[in-house]
1. Do we have Phe39 as in contact with a helix residue (DSSP H, G or I) (Cβ under 9 Å, 6 or more places away or on another chain) and open to solvent by less than 80 Å² (accessible area, probe 1.4 Å) here?
2. Where the second residue is in a loop (DSSP other than H, G, I, E, B) and the first is loosely packed, with under 15 Cβ neighbours inside 10 Å and lies in the stretch 62-86, which pairs have Cβ atoms under 7 Å and are six or more apart or on separate chains?
3. Taking the stretch 20-36, which residues are surrounded by 13 or more Cβ atoms within 10 Å (Cβ to Cβ) and of a type outside the set (D, E, K, R)?
4. For the stretch 42-57, give me each residue that is among the charged types (D, E, K, R) and surrounded by fewer than 14 Cβ atoms within 10 Å (Cβ to Cβ).
Amino acid sequence: MEKHTHQLHQARVKNNCPLCYSGDGLEFTFTQQEVENKFYSKVQKEVSEKLYCHSCEQQIYPVNWNEDIERVHEYQKKLVEPKSTMLMLKPLAYFLILADAILIGVLIYYFR
């Protein structure tokens, strides 16, 4: 089973970093994980978010956010368009479903 991460939205913001007080290094990143195997792929419902400061090269955790960062976070969160969480079957799964249906039809026809 493979996991892939899809970046949904990324935004540089002009707020001051709560750790180094730089005014131009903060960046929000919103991602969503996809689980994939031979039969299907499915995007997880949960959207992960990360605030990173490029000036001090550290991740800023929500415990350190101030009210201004919270407001910008809420605005950026509204801009995120999550991927569909629908189960996507691959050709191998369709083949197995079709083969099973044919096998069941043949068994019903011959054992009546």
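1. Criteria not met by Phe39.
2. Every condition considered, the pairs that remain are Asn64/Pro18; Asn64/Leu19; Asn66/Pro18; Asp68/Asn15.
3. Matches in the stretch 20-36: Cys20, Ser22, Gly25, Leu26, Phe28, Thr29, Phe30, Thr31, Gln32, Gln33, Val35.
4. Matches in the stretch 42-57: Lys45, Glu46, Lys50, Glu57.
The values are calculated or read from the model by the stated rules, or taken from the named source; none is laboratory data. These figures come from a predicted structure and were not determined experimentally. FYI the Cβ positions are ideal-geometry reconstructions off the backbone, even for glycines, and counts take in every protein chain you see. Calculation scope for accessible area: heavy atoms of the full protein, side chains included, ligands and nucleic acids excluded. Shrake-Rupley method; radii C 1.70, N 1.55, O 1.52, S 1.80 Å.
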